[in-house]
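Chemist: My questions all concern the structure below.
Throughout, read-outs are computed from the coordinates displayed, never taken from laboratory work. Just so it is clear, the model here is predicted, and its values are computed rather than measured. Don't worry about glycine lacking a Cβ; one is built from the backbone with ideal geometry, like all the others, and counts go over all protein chains shown.
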Amino acid sequence: MNRFSNSDEVPRIEGHIGGRMPTRWIEVNGVQLRYDYLPGPSLAVVLVHEMGGMLESWDDIIPLLFGKVTLLRYDQRGAGLSEKPRTSFAIGDAADDLAMLAETLLPDIPIVVVGAAVGGAIAATFAARHPDKIKALILLAPATGLADEKLAAAKANIDKLEQSDVRRTFPGKAWIDLSRFERIRLAADPTSLAATWRMLADLKMDEVLRAISCPTLVLGGRHDTARPPDHLAGVAAQIAHARFEVLEAGHILAMDAPERVASVILSFLEECLAEKNHL
């Protein structure tokens, strides 16, 4: 029997009324973070959103995973409704936030981390730093830094972002659901988003990727122009025994193809459980 088998019926999630999320807060490394916790079986999936996103970035995934695993998602520092520090931060700071969040809220539960884009870089860094705390890793179009030829344009975008607004820096054409773009990406705080951009510009992930030892799945979107499949195949090749799959989606996989992403996540967890009893 498939422990994580999907049902055709999407469950009603108690406490999530009218699309509004319960607001929960926790202080992590001196910063107040907003989070959402949905208890379930004794395996936890922690969802780490993309740059400029928030915990609602996972709205379409949550009903598909609910009841099969314990779920934890949160607004990263500087994102969503979490506190907006006015200082720069590094990828290690964001990974430390994830580590303390998991240690505090999921102290005795094996965890799997799913990270999207910059959230993938955070998840990968966490996995490399804390191999004893993570059972499996799933990366959706993970960020690994910027090519040298893109740095100048990125820095120009950062300056434009701080001097104008999010809309001009992130045109919505890359998003399938523009209303979702309006609600999530345009709600981002420009100063905090600029700090995340600077973190991305400084990313050097080669050593991090080589240090990951847990079962890892890397997912890419066939129509992703930001991180095309060829690039992501190279990322996966740096992680020992990682598997790489391409889905019919763009860059924001969890929004473009939520049913397929959820199905692949559950299948991967089932395989890990069956093959090596990792979970």
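Chemist: The stretch 123-141 to the stretch 229-246: how many Å between their Cα centroids?
Modeler: Between the Cα centres of the stretch 123-141 and the stretch 229-246 lies a distance of 15 Å.
Chemist: Further question on the same structure: Decide, for the stretch 17-276, between rounded, prolate and oblate: order the square roots of the alpha carbon gyration tensor eigenvalues as a ≥ b ≥ c, take rounded if a/c falls under 1.5, and otherwise choose prolate if a/b is larger than b/c, else oblate.
Modeler: Verdict is rounded for the stretch 17-276.
Chemist: Using 19 Å as the cut-off for backbone N distance, which residues of the stretch 86-100 belong to the label zone defined by a point 7 Å from the Cα of Arg198 along Cα→Cβ?
Modeler: 86-97
Chemist: While we're here: In whole percent, what relative contact order does the stretch 17-276 give with Cα contacts below 8 Å and a gap of six or more residues?
Modeler: Normalised by residue count, the contact order of the stretch 17-276 is 19 percent.
Chemist: If you take every residue apart from Phe126 with its C-beta less than 13 Å away from the C-beta of Phe126, what net charge results, scoring Lys and Arg +1 and Asp and Glu -1?
Modeler: Local net charge: -2.
Chemist: Take each of the peptides 145-152, 230-237, average the number of other beta-carbon atoms within 10 Å over its residues, and list them starting from the highest.
Modeler: 230-237, 145-152
Chemist: Then there's this: Sorting check: for 199-210, 260-271, which peptide has the highest mean count of neighbouring beta carbons within 10 Å, and how do the rest follow?
Modeler: Going by the mean number of other Cβ atoms within 10 Å, highest first, we get 260-271, 199-210.
Chemist: Please state the charge dipole magnitude for the stretch 17-276, taken about the Cα centre, from unit charges on C-beta atoms (+1 on K and R, -1 on D and E), reported in debye and rounded to the nearest 20.
Modeler: 320 debye
Chemist: Hey, which aspartates and glutamates would be in cross-link range of Lys155, C-alpha to C-alpha under 20 Å, not counting anything within fewer than 8 residues on its own chain?
Modeler: Straight-line reach from Lys155, under 20 Å: Glu50, Asp165, Asp189, Asp202.
Chemist: Counting Lys +1, Arg +1, Asp -1, Glu -1, what net charge surrounds Gly220 among other residues with beta carbon under 15 Å of its beta carbon?
Modeler: Taking every Cβ under 15 Å from that of Gly220, the sum is -2.
Chemist: Ranking request for peptides 240-248, 46-54, 108-116: highest mean number of other beta-carbon atoms within 10 Å first, then the rest in descending order.
Modeler: 46-54, 108-116, 240-248
Chemist: Classify the stretch 77-150 as rounded, prolate or oblate, taking a ≥ b ≥ c as the square roots of the eigenvalues of its Cα gyration tensor: rounded when a/c is under 1.5, otherwise prolate if a/b is larger than b/c and oblate if not.
Modeler: Oblate, since a/c reaches 1.5 and b/c is not below a/b.
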